[in-house]
Protein chains: 2
Amino acid sequence: MSCVSEYVPQFRARGFRMTPQRMTILHVLRHAGGHLSPAQVYELSRKDLPGLTEATVYRTLEFLTEQGFVLAAHMGGGKIVYELANANHHHLICRNCGRSVAIEHAPLGSLYRQLEASTGYKLDSTHVTLFGLCPDCQNSLN
Amino acid sequence: MSCVSEYVPQFRARGFRMTPQRMTILHVLRHAGGHLSPAQVYELSRKDLPGLTEATVYRTLEFLTEQGFVLAAHMGGGKIVYELANANHHHLICRNCGRSVAIEHAPLGSLYRQLEASTGYKLDSTHVTLFGLCPDCQNSLN
DNA sequence: TATACTATTGCGAAAACTTGCAATAAGGAT
DNA sequence: ATCCTTATTGCAAGTTTTCGCAATAGTATA
């Protein structure tokens, strides 16, 4: 669990607190090594922290997402999954089988700069999810 | 309402049916000229079709999205809004005030080609939502 | 170390969304 | 025009997600 103590100063610096609930959820996300649904986060976190509430899981995931520590990826059908924001990377998800590959941020860089220039918006380098068909599914769907 | 009859042959060609519910919802989306939440779609559609059910609204929006007639844009916090997929365009949404600007697909073209080449995925040219801060909010947030 | 401030949690209720199933009705075939 | 097939709907129950509020517990300060 101490492996998530790196977040403590980051929280404090922004006026937020580190709590057992947040530690546990961060810990679960770190060791899952991939996307987790809110229900999965709840299940896994409960093992470490039995008193944990679903409401807190939802609130914590939203909090961590807002603060940029966690990425929310929107799968089809309104389903949302979460994962640790270790790096500046994005995802390409197969809309048929759900398999995903990571995309580096670099290729998006020039697009971002171009859009910032033309719109005046300052873009977050947050997570972007693109959808498509993976090579296997392109074949199997003839 | 006849302004959505263009969809009839497209539905039939894929083995789906045109129903009053789908017509009404498409009609509402067309004349809204922007994002609508499921609740808003329900409210507005109900005026034309009093018997309409919320369940049907959700199912229809998901159906239309899957079929590519409607775009689902994911706002912050798991909120999803829908709009007619008139064109191949994307959105840049201000994470502070929610204001959005449209982005042409063109600037994404080279990125798409590059990713298709490197990943083997065939990308959908579906809707992408990027987040950032609009010029006004950049100032107001000092 | 004790105190005060307030961010965060748990609880319970509400709202939003989904699902199974029987009844309905779109649209191709006769 | 009528019949048949089955996609689609409404209903009602189930599940998931949100919200208000009082109680709890981090953490800065003395």
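With label points set 7 Å from Cα along Cα→Cβ, the inter-copy distances at A:G33 are 5.3 nm, sorted shortest first. Along the stretch B:4-18 the Karplus relation, 6.51 cos²θ - 1.76 cosθ + 1.60 evaluated at θ = phi - 60°, assigns HN-Hα couplings of 10, 5, 4, 7, 3, x, 5, 5, 4, 4, 9, x, 10, 10, 8 Hz to successive residues, with x for each Gly and Pro. Against the empirical curve 2.2 N^0.38 Å, the C-alpha radius of gyration of the protein assembly as shown lands at a ratio of 1.09.
Bridging of A:K122 to aspartates and glutamates at a Cα separation below 20 Å is possible for A:E66, A:E104, B:E104, B:D136, once same-chain residues fewer than 8 apart are set aside.
When you restrict to C-alpha pairs under 8 Å that are six or more residues apart and normalise by the size of chain B, the relative contact order lands at 18 percent.
Let's see if you can work this out: charge +1 on each Lys and Arg Cβ, -1 on each Asp and Glu Cβ, no other charges. What is the dipole magnitude of the protein assembly as shown about its Cα centre, in debye to the nearest 20?
Rounded to the nearest 20 debye, it is 280 debye.
For the stretch B:1-36, chymotrypsin sites (Phe, Trp or Tyr not before Pro) are listed when DSSP marks them as loop and at most 16 other Cβ atoms sit within 10 Å of their Cβ; the list is B:F16. In summary, chain B shows an alpha-carbon radius of gyration equal to 1.18 times the 2.2 N^0.38 Å reference for compact globular proteins. Couplings for the stretch A:103-108, taken from phi via the Karplus curve 6.51 cos²θ - 1.76 cosθ + 1.60 with θ = phi - 60°, read 10, 5, 6, 3, x, 8 Hz in order; Gly and Pro are left as x. Across the stretch B:35-50, rounded Karplus estimates of 3J(HN,Hα) from the backbone phi angles (6.51 cos²θ - 1.76 cosθ + 1.60, θ = phi - 60°) give 5, 9, 7, x, 4, 5, 4, 4, 3, 5, 5, 4, 5, 8, 9, x Hz, Gly and Pro being marked x. For A:I103, the residues whose amide H sits under 5 Å from its own are A:H90, A:H91, A:L92, ignoring neighbours fewer than 5 places away on the same chain, with H placed 1.01 Å from N.
Does anyone have the angle between helix B:20-32 and the longest principal axis of chain B? Alpha-carbon axes, 0 to 90°, nearest 10? Between the helix axis and the principal axis of chain B, the angle is about 40 degrees. Between identical copies, the spacing of B:R17 label points, each set 7 Å from Cα toward the C-beta atom, reads 5.8 nm from nearest to farthest. Placing one equal scatterer on every Cα of the stretch A:1-51 and applying the Debye formula, the log10 ratio I(q)/I(0) at q = 0.17, 0.22, 0.24, 0.25 Å⁻¹ is -0.52, -0.80, -0.91, -0.95. Spatial offset of the stretch A:13-67 relative to the stretch B:37-85 amounts to 30 Å, using the alpha carbon center of each.
Take the Cα of B:Q138, step 7 Å toward its Cβ, do the same at B:A32, and the gap between the two points is 3.0 nm.
A helix-only calculation puts chain A at -13500 deg cm²/dmol for mean residue ellipticity at 222 nm, using -39500 (n - 2.57) for each DSSP H run of at least four residues, averaged over all residues.
Cross-link reach is defined here as a Cα-Cα straight distance under 16 Å, omitting same-chain residues fewer than 8 places apart; for B:K79 the lysines meeting it are A:K79. First measure r as the distance between the Cβ atoms of B:A117 and B:H89, then evaluate 1/(1 + (r/R0)^6) with R0 = 22 Å and state the FRET efficiency to the nearest 0.05. So the FRET efficiency works out to roughly 0.40.
Need one number: nm distance between label points at B:E54 and A:S5, each 7 Å from Cα along Cα→Cβ, rounded to one decimal. So the two model labels end up 4.7 nm from each other. Shown is the FRET efficiency for A:A39 and A:A102, computed with R0 = 25 Å from the Cβ-Cβ distance and rounded to the nearest 0.05: 0.60.
Any read-out appearing in this document is the output of simple, stated calculations on the displayed coordinates, not a laboratory observation. None of these values were measured; they are calculated from a predicted model. Reconstructed Cβ throughout: ideal geometry from the backbone, glycine too, with neighbour counts over all protein chains shown.
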